[in-house]
Every structure is written in structure tokens, then in C-alpha cells.
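Engineer: Submitted below is the structure of interest, expressed as C-alpha cells.
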Ligand code: DGL
């Protein structure tokens, strides 16, 4: 068990990675966090691999310069499209979200058949499919591009979002995948929709949240026991957070509070050098 307080850098295309930060903070409260949201360039989910890699590598550099000793690539799209390049360009350990999510999904699936929902870019990369096939699990990947804007609109429990999710999941859990028993949330925004997705997914399905799975891997990596039993007060006050955003600080505070469930204060505007 380490006693030193590590500084963990968390990178995302925008606000969604705050779902990963939230899980990290709840498992590893005795760390300091630097969060970088590339809000001026989001969404990454519709961009090419080269563009995403360029942005992600410069963001990783910024987090390292500011003192991150370990980088968590919270963005599924950036992990799927650019993890190799980020690792190659970094001097500190880097953890992405795809491998932890795939690992957990394979452990949870008894029929070895899972559905992954994600952005267009993540689905086109087949990063989850490859990671799951390597674990002898059959996967169906389904792009759900409407869910990110619906979440950012705050339509978490909204009939329109429910209808959209019903259509996406209806298409995904069909044609040989009716028996799939795991749904992987392969996008930072989807954990906010967990209650809705639980209602909409077939009842036999277990939801695997790659944010949660990644936080566990980071905790193991730091050899820190998960501290799920620490009091809510400790969890709120112990970690120090600093946020960097490439677009409006005001908007980051507003949407950040929705994702974190509490106010997001220390937000600084930064420019990304390319
Ligand atoms: N953070 C992205 C992901 O997890 C979703 C938002 C975006 O497309 O930039 O794939």
C-alpha cells in the first residue's frame, strides 16, 4: 500500500471523462487529479484517427508538464484510436478504458456474447471487438451517436432519450445477439444513462461500465486498496482537483457539475499546442 499521494492526469475530449474521474475519486481519494477536457474540439467521436491522435498526444503532454505521474485516457474514442500513439509520446504510465472494459465484460458474460455501445469512431476502430475477440468473446458493436448530445443537453431521464436508446438497443440485441448477456458502455457519457439503459436493455443483461472498470485497474496499478468504505465526507474533501478546458470555463463549470454531481471550481482555460 503506497502512502505517497500520486498525481493522476485524466484526459477526455470534453466533459464525459468526468464520469471516469468520479469513479477514480471514489476508489482513490488519496490522490490529486488533473483533468483535461478538450472542449474546444469535441466531439472526437466523429473525427478521424489521425486528428484524434494529434489532439490526444498534445493533451497528454500538457498533463505531464503540469505534473501528472500517470495518465488515464478516459475518452473511449481517444483510447480506441490513439492509445498506441499516446503511450509512445508519454514518459509516464498510460491507462486507457478499452482493455479494462473488455476484461470486465468477458468476466461477466456467461454466454461469451456481448453488445458494446460507443461513438461512430470507436465502433469503426473495432477496438472493443478486437479486445473481446482476444478473450474469446463474440461482440456486436453499435454506434449510438445521438446519446452524447442528449446527455449534454441534460436529457438523462427524458422520453426522447428513452425512445432513442430503445431503438439502438433493439437493433443491437437482434440477429443472433438476443442472447448477449452483457452491455458495455463504451463511451464516457453513457454511465449517466445507466438507470435508463437498465430499463431499456433486455432484463437478463448486465451493464459493464468502462469508467468503473478503468478506475479499478488504476487503483490496482497504484497498489492502493479501493477505499469504497471511506466516508462520503472524506471522499468529498480529500482529493485535490484541477481542471483544464480548451473552451469556455463557464460552460465547463456548468456541465462539469452535472457530470460530477457537485460543483467544479478550479477550472483554467488552456490552449492546446499542436
Ligand atoms: N469522450 C467520447 C468517448 O468516450 C465521447 C464524446 C466525444 O465524441 O468526444 O468516446
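Engineer: If you average the C-alpha positions of segment 63-112 and of segment 26-61 separately, how far apart do those two centres end up, in angstrom?
Structural biologist: 11
Engineer: Another one. Calculate for the chain the 222 nm mean residue ellipticity that helices alone would give, adding -39,500 (n - 2.57) per DSSP H run of length 4 or more and normalising by residue count, nearest 500 deg cm²/dmol. The partial results should precede the final answer.
Structural biologist: Working: 12 runs with 122 residues, N = 274.
Using -39500 (n - 2.57) per qualifying helix, the result is -13000 deg cm²/dmol.
Engineer: Going by alpha carbons, how many degrees (0 to 90, nearest 10) lie between the helix axis of 210-221 and the longest principal axis of the chain?
Structural biologist: 50
Engineer: Could you tell me the relative contact order of the chain? Use alpha-carbon pairs under 8 Å, at least six residues apart, and round to a whole percent.
Structural biologist: 27
Engineer: Which order do peptides 52-65, 207-220, 242-255 fall in by mean Cβ count within 10 Å, highest first? Write out the running numbers ahead of the final one.
Structural biologist: Numbers: 52-65: 20.6, 207-220: 22.5, 242-255: 18.3.
Going from most to least packed, we get 207-220, 52-65, 242-255.
Engineer: Relative contact order (percent) for segment 52-149, with alpha-carbon contacts under 8 angstrom and 6 or more residues of separation?
Structural biologist: Across segment 52-149, relative contact order equals 25 percent.
Engineer: Please report, in Å, the Rg and the Dmax of the chain, where both are computed over Cα atoms only.
Structural biologist: Computed over the Cα atoms of the chain, radius of gyration and Dmax are 17.5, 51 Å.
Engineer: Let me ask something additional. At 7 Å along the Cα-to-beta-carbon direction for both residue 136 and residue 167, put a label point, then send me their distance in nm to one decimal.
Structural biologist: So the label points at residue 136 and residue 167 sit 3.9 nm apart.
Engineer: Something else about it: If I take every Cα pair under 8 Å that is 6 or more residues apart in segment 8-114, average their sequence separation and divide by the length, what percent do I get for the relative contact order?
Structural biologist: Over segment 8-114, the number comes to 30 percent.
Engineer: Sorting 27, 81 on the 10 Å Cβ count, fewest up front, what's the list?
Structural biologist: Ranking 27, 81 by Cβ neighbours within 10 Å, fewest first, gives 27, 81.
Engineer: Compute the distance in nm between two label points, each set 7 Å from the Cα along the Cα-to-Cβ direction, one at residue 120 and one at residue 248.
Structural biologist: 2.5
Engineer: Work out how much length residue 48 to residue 221 would gain on full extension: take 0.36 nm times their residue separation and subtract the Cα-Cα distance, in nm to one decimal.
Structural biologist: Length gained, residue 48 through residue 221: 59.2 nm.
Engineer: Under 1.5 on a/c is rounded, so check that first for segment 160-227, then, if it is not, pick prolate when a/b is larger than b/c and oblate when it is not; a ≥ b ≥ c are the square roots of the alpha carbon gyration tensor eigenvalues.
Structural biologist: Since a/c reaches 1.5 and a/b is larger than b/c, the shape of segment 160-227 is classed as prolate.
Engineer: May I pose another question? From the square roots a ≥ b ≥ c of the eigenvalues of the alpha-carbon gyration tensor of segment 76-179, which class results: rounded (a/c under 1.5), prolate (a/b over b/c), or oblate?
Structural biologist: oblate
Engineer: Sticking with this structure for a sec: At 7 Å along Cα-to-Cβ for each site, give me the label-to-label distance between residue 175 and residue 153 in nm.
Structural biologist: Distance between the two pseudo-spin positions: 2.7 nm.
Engineer: Compute the long axis of helix 49-65 from its Cα atoms, compare it with the longest principal axis of the Cα atoms of the chain, and write down the angle in degrees, 0 to 90, nearest 10.
Structural biologist: Value to nearest ten degrees: 30.
Engineer: Report, to the nearest 10°, how far helix 98-108 tilts away from the longest principal axis of the Cα atoms in the chain, using its own Cα long axis and a range of 0 to 90°.
Structural biologist: With both axes taken from Cα atoms, the answer is about 50 degrees.
Engineer: Then there is this: Fewest Cβ neighbours within 10 Å first, please rank 187, 108 accordingly.
Structural biologist: Details: 187 29, 108 18.
The fewest-first ordering by Cβ neighbours comes to 108, 187.
Every number here is computed from the coordinates shown, using simple stated rules; none is lab data. Here the structure is a predicted model, which means the values were calculated and not measured. Ideal geometry is used to build each Cβ from the backbone, glycine not excepted, and the neighbour counts take in all protein chains shown.
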